[in-house]
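**Q** Below are the structure tokens for one structure; questions will follow.
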Amino acid sequence: MEDYYAALDLPRDATTERIDEKVRQEVRTWQKRTTNPDLARRQEAERRLRLVAEARKVLLDPQRRAAYDADLAAGQRAPEPPPAPGEDWVGNARRFLASGDYASALYAAKEARNASPRSAEVWSLLGRANLGLGNLRDALSHARRAADIEPRNAGYYFDQGVIYEELEQYDDARRSYEVATKLDPDDHGARYALASVMAQGEKPERALPLLEDLYATGRDKEAAGALLGGCLVRVAEAVPRKRSGDGFDITAADEVDAMERLLFRAREVTRDAEVVADVDRLTGVVRWARNRHLRKVGNATGCAVAVAGGVALLGLIVLAIPVGSAIVRGVFTLVCLAAAGGFFWWAFAPGWVINRDEANRSGTR
């Protein structure tokens, strides 16, 4: 019986929110590996994604999770020893990795290293097995050793990038993926991984040209579209110049226009539920900033305009009394209408104007 908690590196009492977060993280991590030109790596990634999908179905459904937890507790037993390998240690390590048996893969890879300590593939297998077991420092050391022995192999730099991502060392991950893409420009997996890291960085807009190219030419349009859409959302969130903590206020018409363009493109390229939800959320914010709303009269200027509007309205009421010549009444009517129109134009302002005025009053712009 598969232990989904162990596979996700989570305690059995993990909250639903933590499980959902971990599942999303695993999908992001392994999705980029499904386009790797190496068959063994693709099979490993595809198996992992299937396992994560199964874990999501079971652990995020309260009834299924309760039944699964009961079965897991009832079926607990001491772990079985790894299958006895034959003499083809490298072949065994590959097969164990493809099946997700990382402990056995590590054992076989160590035996292969004892027999062939100068083999780059052996060190790569050691790194991938340790990565699967969560031994990230050992995995990185082994992946570097593989690249040192065979520096023209793009796959070994790709492996380093994956490990650096797990270590949350994103600049190092980006550099590793850049080397992989230079060594093998046709490797869509490395390009996808590079774009993914750039999209998570401090300047996600730099990833957009690469993501647009991947969306247009890549093998997995759905995955590329989801990544592109998420990046467009991040770029849109960075447009407003007025920031406060993690939040922002839209204070200019050009910000409204820029965000609308980015969000429109995001909606074009993906139907991913998480990205679409973010697009909908931001679209509501941008719509409020574009539409007109009644101002709050909270300063001297506002009071003066409100008084002028009141006088204009009073004048229009007075006009109902037939006093004075037609010319005087006509001129007075035009003046009152202009004042009333100006009042209503001021009183109902676009949301970005209201935000801008509020920022000017508070001195935070």
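**Q** Which ones in the stretch 41-70 are open to solvent by 90 Å² or more (accessible area, probe 1.4 Å) and either over 30 Å from D159 (Cβ atoms) or aromatic (F, W, Y) (or both)?
**A** P62, Q63, R64
**Q** Right, something else. If you go through the stretch 238-282 one residue at a time, how many are under 15 Å from the mean Cα position of the chain (by Cα), in a helix (DSSP H, G or I) and basic (K, R)?
**A** The total comes to 2.
**Q** Do you know which residues across the stretch 240-272 are closer than 19 Å to L211 by Cα and of a type in the set (V, I, T)?
**A** V269, T270
**Q** Would you pick out the residues in the stretch 149-173 that are under 21 Å from the mean Cα position of the chain (by Cα) and buried (at least 22 other Cβ atoms within 10 Å of the Cβ)? Full working, then the answer.
**A** Here is the first cut: in the stretch 149-173, the residues under 21 Å from the mean Cα position of the chain (by Cα) are 158, 161-173.
Listed by number, the residues that qualify are F158, G161, V162, I163, Y164, E165, A173.
**Q** Within the stretch 110-140, work out how many residues are closer than 18 Å to F158 by Cβ, of a type in the set (A, V, I, L, M) and surrounded by 21 or more Cβ atoms within 10 Å (Cβ to Cβ).
**A** Result for the stretch 110-140: 7.
**Q** L208: assigned to a helix (DSSP H, G or I), among the aliphatic types (A, V, I, L, M), in contact (Cβ under 8 Å) with a residue 40 or more places away in the chain and crowded, with 16+ Cβ neighbours inside 10 Å, yes or no? Walk me through it before giving the result.
**A** On the way: assigned to a helix (DSSP H, G or I): yes; among the aliphatic types (A, V, I, L, M): yes; in contact (Cβ under 8 Å) with a residue 40 or more places away in the chain: no; crowded, with 16+ Cβ neighbours inside 10 Å: yes.
Taking the combined requirement at face value, the residue does not satisfy it.
The values are calculated or read from the model by the stated rules, or taken from the named source; none is laboratory data. Quick caveat, the model's predicted, so the values are computed rather than measured. With ideal geometry, Cβ positions are generated from the backbone for all residues, glycine too; neighbour counts draw on all protein chains shown. Heads up: the accessible areas ignore ligands, DNA and RNA and are worked out on the full protein's heavy atoms, side chains in. Shrake-Rupley method; radii C 1.70, N 1.55, O 1.52, S 1.80 Å.
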